Amino acid sequence: MTKIFISYRRSDTQYQVDDLYEIFLKNKVSRNNIFKDIESIEVGQNYEQAIDNAIEESAFCLVAIGPNWINTENKERLHNEGDYVRREIAKALKNNNIIVVPVLFDAEMPKADDLPEDIKELSLRNSFNVSRTHKEDDIKNLVQKLGIKTGNSDEKRTGLKLFMRWINIAAIVFVALVVMAILVPVMLKSVEKAKIKPEIYVDAALYNERTNSLILFSGDSCIDFSISDATFSMWNNYYFPDSNHVTYYNAAVEWPEKYNAMYMFHEAEYYKWYITDDSYAAGFPKTIANNWSLPETGWFDAAMYYQKNIYFFINDSVLEYSSTKEATTGKVNSIKDKYPNLEWTNYIDAACAIGYTGKALFFIDNMYILYDLKNNIQISPSLMPTNNIESDTDILELKENKNVTVNFE
């Protein structure tokens, strides 16, 4: 049977690969013939051995390459000999029985000079492009071009998908409880080492001033966490008007001066939600390029409202936008200069400020930091991996800081 190994970096093409995987299944490629780390590695299994065995058994290695695959941070990671993405590609390239195909998601092929010696050959391999607007047809065409045999699967995908969704919701609840422990003004007593699965990510976050609550997005699921009474609600697709087109938001921000609205960004487009009416504005999505006075018109990593300004995070930079003048202030800082005591300086996945407290939450992958914006102090420990976050499938543990006091008064 044909085996397909998918090599990707989560910070670059997590969602594109999720789509690739689902469209493969929709086109009747057997789940058993696709190796994608989260879905394919069993709990307790040796992940290095699982990856090596999967590559050896594969006929194809699809290397997913997105806009950030070779950016400054990921280029540095790629040149680390212990990087798992590099190891996967190098192992596949050495095997003459494996066809290595770079799959480009709105990206260009990396140049040989940018690649470490053992994977320079990747730049010579004929690539395949998957466009955002025609991804279903493009991926179906990829299946045909590779000559992958398809057939009816006897797996009960609907039940499995529902089960995985509830697993994801349960994990989001866990993140909510962690946030609750930080935000409710109490002493955290004898915090034990927390365990959280490495595949859980907060994609976007915002603070709803009207209800005094946090809204955290993870994929097409979200939680609305009330800071006032420490309760939460969960929804799937509630803030997603077109769930067939949009399955995640990469950034979200509240805008009190603009009709008390929330704005959710999906790649180069955005949606508007009226908080008071609890409904979507008509005529959306709209393009960022045609409606925002911003120098960047594509992907934002995160957005945060604080003191009548909106801060857009783009790679390692922070762009300041006046919410009253509806224009940029002209200030562009590095994350390091803007938040000098924040340990993350290369990029931010999600951010939200809890206005009246002067504090903010920053998220990367499955980690968070509570930060005092007024005094530029990092308050909380972040969830840290035991090893490299890209490859660690073991538990993530809280730093050794067992008595954390958080006072919002």
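Rule-based calculations on the coordinates, nothing more; no lab input. No experiment lies behind these values; they were computed from the predicted model shown. Every residue, glycine among them, receives a Cβ derived from its backbone with ideal geometry; neighbour counts consider all protein chains shown.
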Evaluate the relative contact order of the range 73-121 (contact order divided by residue number), counting alpha-carbon pairs under 8 angstrom at least 6 apart; express in whole percent. 41 percent
Listed by chain and number, the residues whose amide H is under 5 Å from that of Lys359, excluding neighbours fewer than 5 places away on the same chain and using placed H, are Ile354, Leu373
Fewest to most neighbouring Cβ within 10 Å: what's the order for Val29, Val63, Val143? Val143, Val29, Val63
How far apart, in nanometres, would the label points at Ser226 and Ala289 be if each is projected 7 angstrom from Cα along the Cα-to-Cβ direction? 4.4 nm
When Tyr201, Tyr306, Tyr47 are ordered from fewest to most other Cβ atoms inside 10 Å of their Cβ, what list results? Tyr47, Tyr306, Tyr201
Decide, for the range 1-58, between rounded, prolate and oblate: order the square roots of the alpha carbon gyration tensor eigenvalues as a ≥ b ≥ c, take rounded if a/c falls under 1.5, and otherwise choose prolate if a/b is larger than b/c, else oblate. oblate
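Tell me, in nm to one decimal, what length is gained between Thr345 and Glu117 on full extension, where the rule is 0.36 nm per residue of separation less the Cα-Cα distance?
79.3 nm
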Gain on full stretching of the segment that runs from Asp372 to Glu57 - 0.36 nm per residue minus C-alpha separation: 108.4 nm
Placing +1 on the Cβ of each Lys and Arg and -1 on the Cβ of each Asp and Glu in the range 4-155, which of Leu78, Ile65, Asn53 has its Cα farthest towards the positive end of the resulting dipole? Ile65
Taking the Cα atoms of the range 4-155 alone, what are Rg (to one decimal) and Dmax (as a whole number) in Å? 14.8, 46
Using the Karplus curve 6.51 cos²θ - 1.76 cosθ + 1.60 with θ = phi - 60°, what ³J(HN,Hα) values do you get for each residue of the range 63-71, in whole Hz, with x for Gly and Pro? 9, 6, 10, x, x, 10, 4, 10, 6
Exposure proxy check on Val202, Val17: fewest-to-most Cβ neighbours within 10 Å is Val17, Val202
Answer in debye to the nearest 20: the dipole magnitude of the range 4-155 about its Cα centre, from +1 Lys/Arg and -1 Asp/Glu charges placed on Cβ, is 440 debye
